[in-house]
1. Which number in (1) under 23 Å from residue 39 (Cα atoms); (2) buried (at least 16 other Cβ atoms within 10 Å of the Cβ); (3) not polar (S, T, N, Q) marks the one condition that residue 143 misses?
2. What do you reckon, is residue 418 in the same structural domain as residue 485 (by TED's automatic domain parsing), of a type in the set (Val, Ile, Thr) and at pLDDT below 90?
3. Here is a check on your reading of the model: is residue 103 surrounded by fewer than 13 Cβ atoms within 10 Å (Cβ to Cβ) and either modelled with pLDDT of 85 or more or over 24 Å from residue 160 (Cα atoms) (or both)?
4. Taking the stated definitions as given, is residue 383 modelled with pLDDT under 90 and either within 26 Å of residue 327 (Cβ to Cβ) or outside the structural domain of residue 472 (by TED's automatic domain parsing) (or both)?
5. In the list 188, 204, 233, which residue meets the criterion of being of a type in the set (Ser, Thr, Tyr), in contact with a strand residue (DSSP E or B) (Cβ under 9 Å, 6 or more places away or on another chain), assigned to a strand (DSSP E or B) and not assigned by TED's automatic domain parsing to the domain that holds residue 340?
6. Being in the same structural domain as residue 290 (by TED's automatic domain parsing), under 30 Å from residue 57 (Cα atoms) and surrounded by 11 or more Cβ atoms within 10 Å (Cβ to Cβ) narrows it down to one residue among 265, 260; which is it?
7. Could you say which residue among 283, 295 is part of a loop (DSSP other than H, G, I, E, B) and under 17 Å from residue 314 (Cα atoms)?
8. Within the stretch 421-429, does at least one residue satisfy the condition of being in contact with a strand residue (DSSP E or B) (Cβ under 9 Å, 6 or more places away or on another chain) and part of a loop (DSSP other than H, G, I, E, B)?
Amino acid sequence: MRKKQFKAESKRLLDLMVNSIYTHKEIFLREIISNASDAIDKLCYLSLTDDKVGLNRGDFAITISIDKDARTLTVSDNGIGMSADELENNLGVIASSGSFKFRQEQGEEAVGDTDIIGQFGVGFYSAFMVADHITVVTRKYGETQAWKWESSGAEGYTVTEAERDAVGTDIIMHIKPDGEEPGEFSRYLEDWTIKSLVKKYSDYIRFPIKMLLPHSVKKPDSPDNKPEYDTVYEWETLNSMVPLWQRKKSEVTKEEYDEFYQQRFGEMAPPQSVISVSAEGAVTYKALLFIPSKVPNLYYTQDFKPGLQLYSAGVMIMDHCQELLPEYFSFVRGVVDSPDLSLNISRELLQHDRQLKIISGNLEKKIIAELKKMLTDDRAGYEKFYENFGRALKVGVLNQFGEKRESLQELLLFYSSTEKKLVTLREYADRMPESQKYIYYAAGDTVASIDSLPQTELLKERGMEILYCTDRADEFLADSLRTYDGKEFRSAVDGDLGLEDEPKTQESESDKECLAFIKETLGDRVDEVKASQKLKSHPVCMTSGEGLTFGAAVELAVAMPLSWLPLISDYTRQAQKPVRATVASVVTYGLVSCWMYVIGMGAAIFTGEYDIAVIMVKAGLGIAALVILVFSTVTTTFLDAWSAGISAESLSGKLSGKTVAIVTTLVGVAGAILFPMDDITNFLYLIGSVFAPMIAVQIADHFLLRRDRFAVAADARNLVIWLIGFVAYRLLMGVDTPVGYTLPDMVLTILLCVIAEKLKPSVKQS
């Protein structure tokens, strides 16, 4: 008997498949069972038009058997089987899919009711990840001759005549001996392993998967006080076959939903709400979603794994598919099953996400609709939900620049000063008097502490409702929402209340002297002391001032990276392609900076803290937090010191870059020790005022005016323009703009450069 050889390309492909395509060895059983299911589906399809098949749907099954002594695992089916030619074409040619050909021959519409899973023709070879030798014994429907295919891997295969009593296929896998890891392969010869893998990956294959399993049976003659048992083997069906989400919601009891949720997701408590979805159209899918009644274990930690279980034609593809839900709905548990997914060759990943985006968008709408229904029909239940997951909704409002604000703001709850309970923004707006211009809110740690704030007395006296913000994220919400139903949010404790008849403070000379004395006495501990008409029963109160405006926040975020941009050349000027290096540095630095801001805001919202050290401790980083802080500080400091040295050499050839760098480091360390840096706001504004006009002058000179500066030691005109830009920046700080001060100042400075050039060119070109 001549051993036939794989083609060289096929040998390489087989080796690649066994070692690279699949990430988990256990996937092999899913692939083999899926192939068996396809074989049965083909014969089941033929039985609809061919009476000679002689099998009803209930007669089909997949069986699994283990022989520990021989170290074999066998998967058998009574499906359509294969002829000798089909063995050659399907198993001798890698990536040749019999299932794919069957769909092509019969037509996609004709086989639409079947669950033909295979499409790539490579799943069979995944068995070589755990087996060193595979034997396939098969007999095709309509033939009397059976055939045997054998292979030990890439060296080749043989096809010989064999015997099999009925049509179908046996896949006999000789399991590899264990390597360095104990039980690495032997575990696939254990009943419990096979049962768990079938339950995990193939539970919803629509044909029974059976296995002969041991059971203890009491001997008939043994006494009840000292019972004796015999071990008997019985066929046991391992899979459920019909998934719960394939059934109509009206046909499923609450008890069945509860049991499924608790068993599948390891929860003790039943779900608060169940969402059943069945969709046909651009993407056909079914989904079963659960809103937990309690916060899932580890939910507010980095160890929590969000995402829904993803199935394709009843076969599990991913245990945690994060793309199916937005981040703020990460608490939702459930499954999605779709036959329309474009999977990669290993069926472990998706080739593209168009289908996922459609499904995700629909599921998001379904969850929002369910929450709104709960808010209307079951207020107590919704308030319980909000207690558990309200912060996640707030993150949804804040993320993506408020993109989801309109759809999520109706779900937000705040404690009301007048209603003494949680209320929605809609309920607040509906109760507002026509004369009231603003939605008032006040922040604090507890309802009681906010309720006792002296600043709220005037509004309470007028009978106006105040929303109490007891979560740190609530203040961010007010800034993000800005308005609701045409009404602007306004703090009840900071600044002007915007009341038309709000009493105006008239300060006498004695009042001014008293206020000046208090300010002088308190010194830097307060920014300002002024009289107030808000107070009724309290003699004095402290406020945080007007707070940080959006424009001011933008400016502070921009100031630090702005100061770094002129120094890029210190790191890129000796590169082979300095322009490309500069562009890469700017883009990378910008993206990383933005990402760090996102991380910081998210951490502050979730932990309720703003101090980075406290945030890291709450995140459970421990000593790792200290290492991160040390390395981030040290690396940045060394880069700054080096940049100072290079810049010094650029100013004068007589200066030593190394010496300047060392001196700068020592001076910086001394300054950090001697001067408190708790509040660097003013320093950041100083950076902005220095570098904004400086960069503007450089942009105008190089890109707009095309002036050659290499032959000029100093440019007095540009120095004057920079000085004007510096002063303009400081003046702009008194004006609140949505874009901060940098952009307006740079535009002004560039205009000054252009105008100055038009009026009188400054330097003769050499």
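1. Residue 143 satisfies all of (1) under 23 Å from residue 39 (Cα atoms); (2) buried (at least 16 other Cβ atoms within 10 Å of the Cβ); (3) not polar (S, T, N, Q) except (2).
2. Numbers: in the same structural domain as residue 485 (by TED's automatic domain parsing): yes; of a type in the set (Val, Ile, Thr): yes; at pLDDT below 90: no.
So residue 418 fails the test.
3. no
4. Details: modelled with pLDDT under 90: no; either within 26 Å of residue 327 (Cβ to Cβ) or outside the structural domain of residue 472 (by TED's automatic domain parsing) (or both): yes.
Considered against the rule, which asks whether it is modelled with pLDDT under 90 and either within 26 Å of residue 327 (Cβ to Cβ) or outside the structural domain of residue 472 (by TED's automatic domain parsing) (or both), residue 383 comes out as no.
5. Details: 188 fails: assigned to a strand (DSSP E or B); 204 fails: assigned to a strand (DSSP E or B).
Of 188, 204, 233, the one residue that is of a type in the set (Ser, Thr, Tyr), in contact with a strand residue (DSSP E or B) (Cβ under 9 Å, 6 or more places away or on another chain), assigned to a strand (DSSP E or B) and not assigned by TED's automatic domain parsing to the domain that holds residue 340 is 233.
6. It is 260.
7. On the way: 295 fails: under 17 Å from residue 314 (Cα atoms).
After applying the criteria, what remains is 283.
8. yes
The values are calculated or read from the model by the stated rules, or taken from the named source; none is laboratory data. None of the values given here were measured: they were computed from a predicted structure. Every residue, glycine among them, receives a Cβ derived from its backbone with ideal geometry; neighbour counts consider all protein chains shown.
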